[in-house]
Structure formats: C-alpha cells, structure tokens
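Asks: Structure incoming, see below.
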Amino acid sequence: MTHIDATHRADLRTWVPGADGHADYPVQNLPLCAFSTGDGVPRGGTVIGDYVLDHAALAASGLLDAEETELVTIAAAASLNGYCALPVAKRRRLRATLSTVLSGSEPVGAERLLVERKDAQFHLPAEVGDYTDFFAGIHHARNAGRMFRPDNPLLPNYKHVPIAYHGRASSVLPSGAPVVRPAGQRAAHGATVPDFGPSTRLDFELELAIWIGGGNAPGETIPIERAGEEVVGFGLLNDWSARDIQAWETQPLGPFLGKNFLTTVSPFLVTAEALAPFRTAQHPRDAEDPEPLPYLQNAQDQASGAFDIQLEVLIATAAMREGGLAAHLLTRASTLDLYWTPAQMLAHHASNGCPLRPGDLFGTGTVSSPAPDGHGSLLEMTKGGREPVMLPNGEVRTFLEPGDEIILRGRCIRPGFATISLGEASGIVTA
Ligand code: CA
C-alpha cells in the first residue's frame, strides 16, 4: 500500500519560482484544488509554492501525451469528483505527470500555466454529496465521555464499531467562510425546560478530512483489503459545535442542529499518494482491547494504514488581531491517536451496502492527544466550561466569542523526505 516513487524524492527541484524548499507546498506535495480568478468559473489546479498550476492551461499546452491530457482534463473540471472516481493507478499516473512537468526543465510559455495563489479564490475541492463524521479520536471520546460518565467514559461498543453520524453536506464550506453563531434550543445542565437563543457554548473540533474515491453501488460492500485505495485524499476539518444546543437535542439521537450550521474544510486535497511517506502502522491496541471483527481486519492496513500528521489549532481574537499579535497556539495533536484507520472507517461505512460516491467526505472525529496541550476542542480544554483558558494578552475563553478566529493546520514531517502541509482551515466567528 505504501507506494513511494520518484515524485517523493527529497532532492526533486522545480522551475516554479520560490517553490523549492517551500514550507507547505514543495514539488513533493502537489495538492489538488478547485480555484477561480476574478469572476471566472472554478477549475482544477495543483498548488505549488505560491502558485497554482492551471490544469486547463496544462491540458491545452501541448506538453502532454494523449493519456496524460485526458487525466489532466479530468482534474481540470470545476470540482474534483471526476478525479476522485479514478482508480488508484490513474491517480498515480496523474501525480507522476504533474511532477514531471513541474520538475523538468521550464517549458516554453510556462507563465501561462501558473496563477499566483494570492490572485485565486479556492472552493471546496469536490462537490460533497454526503458527509459523515466519525468519532475515532479515542482521547476525545474518553474526555467527552468522562464529563457524563466519570467512571465509565467509553461505552462498551467504542472499541468494536467505528461510531459516526451523518452530517449535512450543504453546510460544508471552504476555509474562510464566516462562522455565524447558531441560535437554538438551549437548556442549562440538568434543566428540563429549554429557551431559544444564540448558542453561548460555541466550540471548534479539530478533525482530519478524508476524501472518498470510486465508492460502491447500493447493496455492495467495500472489503477492507480494497478500502485503502478508495481513500483519495486528506484535508483539515472543523466541525463547529454549539455545545448547549447539542447537549439538549442529542437525547437520545445523534448530533443535529448543534453541528449542521457549518463545517469548515481546508480547500486543498492532499492526495493519498503524496502522503505515502507518512503512512505508518496503526497504533497497537491495548492488550485488554477486543480484536476488531474480521471485516475490519487487514494485516497490510494495520502495518501501513495509519497516517502521521501533526495537527495544530490556533486562535486569534479580534483584540489580538487589532494589537498585531500573532495567533496563539491552543493545541497540538496527532492523527496517530485515531483508534481506527481511514480504511477501517470506509470499510465499515460500506459494510451494510450503503453506497459511497466519489467526492464524499468523512471527518475522523475530534483528534485529541493525551498531553495537557493536546485537546481538540474547548469542551475538553476547559473541562466543560469550568476552567477558562488564559490567552497571552490576558483575555480568557471558555467558549468562542465574537471576532475569534480559529485556524487548523496540519503538517507531515519525516527525516529523509520533504515536509509537506495540509494547508489551513480557518473561520472567524461573526457575532
Ligand atoms: Ca465531530
């Protein structure tokens, strides 16, 4: 499953100005995106350094053979759903093509292939047909569960079944979308009568976004052996959460209006191929943990189906921005702390015959690490709002206030390989 090739070589260089050694998007990364300029329609591109390689311009450049032109044309569409539908061999071929074009000698007319990133608007990389949010961050599950069941934070099913709920695709928006504080039914802890008003417990959730590939027909399943290939890419996902609305309404069903007012996703699809060097073994289960059922077990997936991505959450309040202060690091976490691999989540989702489609989106669930600075939500950080967080300028937060900006970042680092970034998912609370 780990497929490391010439596109990952640390000594690969590019003719794109300033992109060699770029902290986020060197030629080894090549994240795909849907972008537009001016009032133009969205089209597909590849992010390289401070530029976007315009796939439509590349397809028309005469630099490619027929098969390459066909693949780049698919990836030039207004959304990457067609790309997501490609089999893994064609996705690798496209990556090799993009890498060759960008790392070879500078082509004649190269300037026509590039758009400056600052001149581009970025859209969701794919049109999301369906969005499912898992609950695979075991430290988050334990921290959240402890608030309700101090002696028994994880319910008995947790280590058997990848828990998830169906979210709402219409509220998945790209980074930068304003965070409009939702109103809803709120009830103080233990109260049995609600009122209606703006959420006073607005929170973020640090999650990994997983973009899904070819999928399955209704009634068909995706076996775990094949599930890894159906995971086409990754990003960052903020599952904004209104804790007061959520606490009242999720009795006894799952998340609803406390979650579906907005989910922010980073705009760049970092391909599974780009992340090949950062694959690793799934964290071993504790000795007393149950074995997963056979349909979730695969030796290769356990050996290389986890991803080593370092995640961060930063906050910039309105006062911090006005004072010229840098965003403050709230949290560091790692995707190594997910209890299930992406392939296990996908195989489980399709195990009942539920059809998945190209461009579907999963969230992993909130990723928290066991460290004191590793909480992926304010709910955990403030112990349910009881212990405010002190910011460097003296402000305190229990939950989010008007003007607060939350920024999620993700980065992959491994000696011998170029560091690559997942980019950013950010949003400012408007009121
Ligand atoms: Ca979530």
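The values are calculated or read from the model by the stated rules, or taken from the named source; none is laboratory data. Values in this document were obtained by computation on a predicted structure and should not be read as measured data. Note: ideal-geometry Cβ built from the backbone for every residue, glycine included; neighbour counts use all protein chains shown. Only protein heavy atoms, including side chains, enter the accessible area calculation; ligands, DNA and RNA are left aside. Shrake-Rupley method; radii C 1.70, N 1.55, O 1.52, S 1.80 Å.
Asks: For a quick check of your reading of the model, give me the residue pairs whose first member lies in segment 102-131 and is among the aromatic types (Phe, Trp, Tyr), whose second is in a helix (DSSP H, G or I), with beta-carbon atoms closer than 8 Å and at least 6 apart or on different chains.
Replies: Here the result reads Tyr131/Ala169, each pair linking segment 102-131 to a residue that is in a helix (DSSP H, G or I).
Asks: Quickly run through segment 99-132 and pick out the residues that are more than 27 Å from Leu173 (Cβ to Cβ), touching a helix residue (DSSP H, G or I) at 6+ places or on another chain (Cβ under 8 Å) and among the hydrophobic types (A, V, I, L, M, F, W, C).
Replies: Within segment 99-132, Val101, Leu113 qualify.
Asks: Considering only residues that are aliphatic (A, V, I, L, M) and open to solvent by less than 50 Å² (accessible area, probe 1.4 Å), which ones fall in segment 11-47? Spell out how you get there, then give the answer.
Replies: At the first step, the residues of segment 11-47 found to be aliphatic (A, V, I, L, M) are 12, 16, 19, 23, 27, 30, 32, 34, 41, 47.
Of everything in segment 11-47, those that are aliphatic (A, V, I, L, M) and open to solvent by less than 50 Å² (accessible area, probe 1.4 Å) turn out to be Leu12, Val16, Ala19, Val27, Leu30, Leu32, Ala34, Val47.
Asks: Please find, among Ala303, Ala347, Ala343, Ala319, the residue that is away from the ligand (no atom under 16 Å from the Cβ) and more than 28 Å from Gly213 (Cα to Cα). Lay out the reasoning, then the answer.
Replies: Working: Ala303 fails: more than 28 Å from Gly213 (Cα to Cα); Ala347 fails: more than 28 Å from Gly213 (Cα to Cα); Ala343 fails: more than 28 Å from Gly213 (Cα to Cα).
Every option except Ala319 fails the conditions.
Asks: Contact list please: Cβ distance under 7 Å, first residue in segment 134-154 and of a type in the set (Phe, Trp, Tyr), second residue outside any loop (DSSP other than H, G, I, E, B) and within 15 Å of the ligand (Cβ to nearest atom), pairs at least six apart or on different chains.
Replies: These pairs meet every condition: Phe134/Ala164; Phe134/Met345; Phe134/Phe362; Phe134/Gly363; Phe135/Ala141; Phe135/Ala164.
Asks: Now, a different point. Condition first: under 23 Å from Pro182 (Cβ atoms), within 15 Å of the chain's Cα centre (by Cα), β-branched (Val, Ile, Thr) and more than 16 Å from the ligand (Cβ to nearest atom). Can you find one or more residues in segment 403-412 that meet it? Lay out the reasoning, then the answer.
Replies: Of the residues in segment 403-412, the ones under 23 Å from Pro182 (Cβ atoms) are 403-408.
From what's left, within 15 Å of the chain's Cα centre (by Cα): 406-408.
Those still in the list that are β-branched (Val, Ile, Thr) too: 406-407.
Still in the list and also more than 16 Å from the ligand (Cβ to nearest atom): 407.
For segment 403-412, residues under 23 Å from Pro182 (Cβ atoms), within 15 Å of the chain's Cα centre (by Cα), β-branched (Val, Ile, Thr) and more than 16 Å from the ligand (Cβ to nearest atom): present.
Asks: Right, here's the next one. Could you please let me know if Arg357 is in contact with a Gly (Cβ under 6 Å, 6 or more places away or on another chain), open to solvent by 50 Å² or more (accessible area, probe 1.4 Å) and assigned to a loop (DSSP other than H, G, I, E, B)?
Replies: So Arg357 fits the description; yes.
Asks: Please enumerate the residues belonging to segment 394-431 that are surrounded by fewer than 16 Cβ atoms within 10 Å (Cβ to Cβ) and of a type outside the set (Ser, Thr, Tyr).
Replies: Looking only at segment 394-431, we keep the residues that are surrounded by fewer than 16 Cβ atoms within 10 Å (Cβ to Cβ), and these are 394, 396, 402, 413-416, 430-431.
Correct list: Gly394, Val396, Pro402, Ile413, Arg414, Pro415, Gly416, Ala431.
Asks: Please go through segment 104-153 and pick out each residue that is more than 16 Å from the ligand (Cβ to nearest atom), in a helix (DSSP H, G or I) and under 30 Å from Met381 (Cβ atoms). Walk me through it before giving the result.
Replies: The first filter runs over segment 104-153 and keeps only residues more than 16 Å from the ligand (Cβ to nearest atom), leaving 104-127, 129, 146, 148-153.
In the following step, the residues that additionally are in a helix (DSSP H, G or I) were identified as 110-113, 117-119, 146, 148.
Matches in segment 104-153: Arg146, Phe148.
Asks: Looking only at segment 87-103, decide whether some residue is of a type in the set (A, V, I, L, M, F, W, C) and not in a helix (DSSP H, G or I). Can you show your working first?
Replies: Taking segment 87-103 first, the residues of a type in the set (A, V, I, L, M, F, W, C) are 88-89, 94, 96, 98, 101-102.
Next, from what is left, pick out any that are not in a helix (DSSP H, G or I): none.
No, because not a single residue in segment 87-103 is of a type in the set (A, V, I, L, M, F, W, C) and not in a helix (DSSP H, G or I).
Asks: Can you pull out every residue in segment 286-317 that is touching a residue at least 12 places away in the same chain (Cβ under 8 Å), in a loop (DSSP other than H, G, I, E, B) and farther than 16 Å from Ala343 by Cβ?
Replies: Residues of segment 286-317 that are touching a residue at least 12 places away in the same chain (Cβ under 8 Å), as a first pass: 289-290, 292-293, 295-298, 300-317.
If we keep only those that are in a loop (DSSP other than H, G, I, E, B) too, we end up with 289-290, 292-293, 297-298, 305, 308-309, 317.
Across segment 286-317, the qualifying residues are Asp289, Pro290, Thr317.
Asks: Tell me which residues, restricted to segment 191-220, are more than 16 Å from the ligand (Cβ to nearest atom) and either open to solvent by 70 Å² or more (accessible area, probe 1.4 Å) or among the basic types (Lys, Arg) (or both). Lay out the reasoning, then the answer.
Replies: First, the residues of segment 191-220 that are more than 16 Å from the ligand (Cβ to nearest atom): 191-198, 200, 211-220.
Selection gives Thr192, Val193, Asp195, Phe196, Pro198, Thr200, Pro218, Glu220.
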